[in-house]
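Enquirer: Pasting a structure here, questions to come.
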Amino acid sequence: MLILGIESSCDETAAAVIDREGQVRSDVVHSQITVHGPYGGVVPELAARNHVKNIIPVVDQALRTAGTKVEELEAIAVTVQPGLAGALIVGAQFARTLAWSRHKPLIGVDHLVGHLLAIFLRPSPAPPPPFPFLGLLVSGGHTALYRVEGPLASQIYELGATRDDAAGEAFDKAAKLLGLGYPGGPEVDRRAAHGNPRAHEIPLPMMEGQEFSFSGVKSWLARHVARSGIPDEAGLDDLCASFQRAVVEVLARKLVRTARAEGLRHLVVCGGVAANQGLRRRTAELAARHGLVLHVPPPSRCTDNGAMIAYAGLQRFLAGETDPLSISTSTRTSLPRVTRKGRGSR
Ligand code: KG4
Ligand code: ZN
């Protein structure tokens, strides 16, 4: 049984084919970095137009690499939420058309569920986590902690999210302030590896509770640059290392604290920022110190891809869930938030 997964929620046009065991047969990602780079951020209208241009070649290549044809697919999964409205519509409309014309079941996927389940894709050097686990999703659009009791959206509960910027957004804005390229996360990460994280004592943002806030660290950096200007190479490395330390420290500490409060032993860190070397190292250190088991996907499965969407779609399909061709897209997630009184409603 083969499932096709299609992803177009932001600035990556992606498609992948996986089998029933979650083995990845193909995984094609077309990045629009060169399109958005000159603007220093994703331009929604350009993203949608580029998805239109790339979606057929990307899906075609995913099928060819997997050595399969549409006729042989069991179902078609596609990201329907959350994301940029115009970008989502391109993938969803393409998937609808394919499903209708080839008589295939259609499965809508919440992008965040895809990120949280990317850890189950095979092959992988490490065994997958058992349910329930605590998920920390850190990407360009989202930063939140989830209690994941099973692979369906109805089994995943948000425990706390960022009140302002997502962690990846904070990295990208920091890089922009420092005159580094877009997206800035990987560049800050590279520079941080050579810098001194104690060169600047940046106050750790919002250490209490399960919510996050990154606007304070960003303002600290903006004030620093306004006062002292952009430093030389070595100074830049130190600033990147100090900034990264502040962001990573709060993410890692809250992850471990929430795991203990929720009584969860297995931790999954996912989303684009999970590719960050500093975050990978610090969460591993703290998890080991507290007897917790940390699972992090390889970097290529942390950033947006079609395989994670195919996997989340496969889980819905196995549970007997498919969607009508009339399924709509939404800029918001379907995942409920846990309230003090109990589990929140959708
Ligand atoms: O998950 P993703 O590909 O797209 C969203 O759904 O947002 O995440 C992209 C984000 C960007 O903000 C990018 O700067 C950040 O992930 N990112 C990183 C690293 N690699 C990607 N941030 C810090 N360090 C990295 N190595
Ligand atoms: Zn994403």
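The values are calculated or read from the model by the stated rules, or taken from the named source; none is laboratory data. From a predicted model like this one, the values you see are computed outputs, not experimental measurements. Methodologically, a virtual Cβ is constructed for each residue, glycine included, from the backbone with ideal geometry; neighbour enumeration extends over all protein chains shown. SASA here: full protein model, heavy atoms, side chains in, ligands and nucleic acids out. Shrake-Rupley method; radii C 1.70, N 1.55, O 1.52, S 1.80 Å.
Enquirer: Does Gly83 count as buried (at least 18 other Cβ atoms within 10 Å of the Cβ), touching a Gly at 6+ places or on another chain (Cβ under 9 Å), on the phi > 0 side of the Ramachandran plot and of a type outside the set (Phe, Trp, Tyr)?
Expert: Working: buried (at least 18 other Cβ atoms within 10 Å of the Cβ): yes; touching a Gly at 6+ places or on another chain (Cβ under 9 Å): yes; on the phi > 0 side of the Ramachandran plot: yes; of a type outside the set (Phe, Trp, Tyr): yes.
Considered against the rule, which asks whether it is buried (at least 18 other Cβ atoms within 10 Å of the Cβ), touching a Gly at 6+ places or on another chain (Cβ under 9 Å), on the phi > 0 side of the Ramachandran plot and of a type outside the set (Phe, Trp, Tyr), Gly83 comes out as yes.
Enquirer: Find the residue count for segment 18-43, including only residues that are of a type in the set (Val, Ile, Thr), under 17 Å from Asn54 (Cα atoms) and either open to solvent by less than 20 Å² (accessible area, probe 1.4 Å) or away from ligand 2 (no atom under 15 Å from the Cβ) (or both).
Expert: Matching residues across segment 18-43 total 4.
Enquirer: Another question about this same structure. Which of the numbered conditions does Ser9 fail, given that it passes all the others? Conditions: (1) more than 21 Å from Gly184 (Cβ to Cβ); (2) within 15 Å of ligand 2 (Cβ to nearest atom); (3) not in a strand (DSSP E or B).
Expert: In the conditions (1) more than 21 Å from Gly184 (Cβ to Cβ); (2) within 15 Å of ligand 2 (Cβ to nearest atom); (3) not in a strand (DSSP E or B), Ser9 misses (1) alone.
Enquirer: Identify the residue in segment 105-123 that is under 19 Å from Arg25 (Cα atoms) and within 13 Å of ligand 1 (Cβ to nearest atom) and, among all such residues, is surrounded by the fewest Cβ atoms within 10 Å (Cβ to Cβ).
Expert: If we take residues in segment 105-123 being under 19 Å from Arg25 (Cα atoms) and within 13 Å of ligand 1 (Cβ to nearest atom), then Gly114 is surrounded by the fewest Cβ atoms within 10 Å (Cβ to Cβ).
Enquirer: Hey, another quick one. Please verify whether Ala261 is assigned by TED's automatic domain parsing to the domain that holds Glu211 and within 14 Å of ligand 1 (Cβ to nearest atom), treating the condition exactly as stated.
Expert: On the way: assigned by TED's automatic domain parsing to the domain that holds Glu211: yes; within 14 Å of ligand 1 (Cβ to nearest atom): no.
Taking the combined requirement at face value, the residue does not satisfy it.
Enquirer: If Leu152 satisfies every condition in (1) within 16 Å of ligand 2 (Cβ to nearest atom); (2) closer than 23 Å to Ser330 by Cα; (3) touching a Lys or Arg at 6+ places or on another chain (Cβ under 7 Å); (4) hydrophobic (A, V, I, L, M, F, W, C) but one, which is the exception?
Expert: (1)
Enquirer: Continuing with the same structure: Condition test on Gly278, is it out of contact with any strand residue (DSSP E or B) (no Cβ under 7 Å at 6 or more places or on another chain), in the same structural domain as Tyr146 (by TED's automatic domain parsing) and within 16 Å of ligand 2 (Cβ to nearest atom)? Full working, then the answer.
Expert: Working: out of contact with any strand residue (DSSP E or B) (no Cβ under 7 Å at 6 or more places or on another chain): yes; in the same structural domain as Tyr146 (by TED's automatic domain parsing): yes; within 16 Å of ligand 2 (Cβ to nearest atom): no.
Against the criterion (out of contact with any strand residue (DSSP E or B) (no Cβ under 7 Å at 6 or more places or on another chain), in the same structural domain as Tyr146 (by TED's automatic domain parsing) and within 16 Å of ligand 2 (Cβ to nearest atom)), Gly278 does not qualify.
Enquirer: Okay, moving on. Listed residues Arg198, Arg245; which is closer than 30 Å to Val148 by Cβ and in contact (Cβ under 8 Å) with a residue 24 or more places away in the chain? Explain how you work it out, then say what you get.
Expert: On the way: Arg198 fails: closer than 30 Å to Val148 by Cβ.
Checking each option against the conditions leaves just Arg245.
Enquirer: In segment 281-309, what count of residues is obtained for those that are out of contact with any Ser or Thr (no Cβ under 7 Å at 6 or more places or on another chain) and more than 16 Å from ligand 2 (Cβ to nearest atom)?
Expert: 14
Enquirer: Condition check: under 20 Å from the mean Cα position of the chain (by Cα), more than 19 Å from Asp164 (Cβ to Cβ) and in a strand (DSSP E or B). Does Val256 satisfy that? Walk me through it before giving the result.
Expert: On the way: under 20 Å from the mean Cα position of the chain (by Cα): yes; more than 19 Å from Asp164 (Cβ to Cβ): yes; in a strand (DSSP E or B): no.
No, not satisfied.
Enquirer: Taking the stated definitions as given, is Thr68 open to solvent by less than 20 Å² (accessible area, probe 1.4 Å) and assigned to a loop (DSSP other than H, G, I, E, B)? Don't jump to the end; show me each part of the working.
Expert: On the way: open to solvent by less than 20 Å² (accessible area, probe 1.4 Å): yes; assigned to a loop (DSSP other than H, G, I, E, B): yes.
For Thr68, the condition - open to solvent by less than 20 Å² (accessible area, probe 1.4 Å) and assigned to a loop (DSSP other than H, G, I, E, B) - is met.
Enquirer: What's the total number of residues in segment 107-125 that are in a strand (DSSP E or B) and touching a Pro at 6+ places or on another chain (Cβ under 9 Å)? It would help to see each step written out before you state the result.
Expert: Step one: of segment 107-125, the residues in a strand (DSSP E or B) are 107-110, 122.
When the remaining residues are screened for being touching a Pro at 6+ places or on another chain (Cβ under 9 Å), the result is 110, 122.
So the count comes out to 2.
Enquirer: Of the residues in segment 1-15, how many are of a type in the set (Val, Ile, Thr) and under 18 Å from Gly67 (Cβ atoms)?
Expert: So the count comes out to 1.
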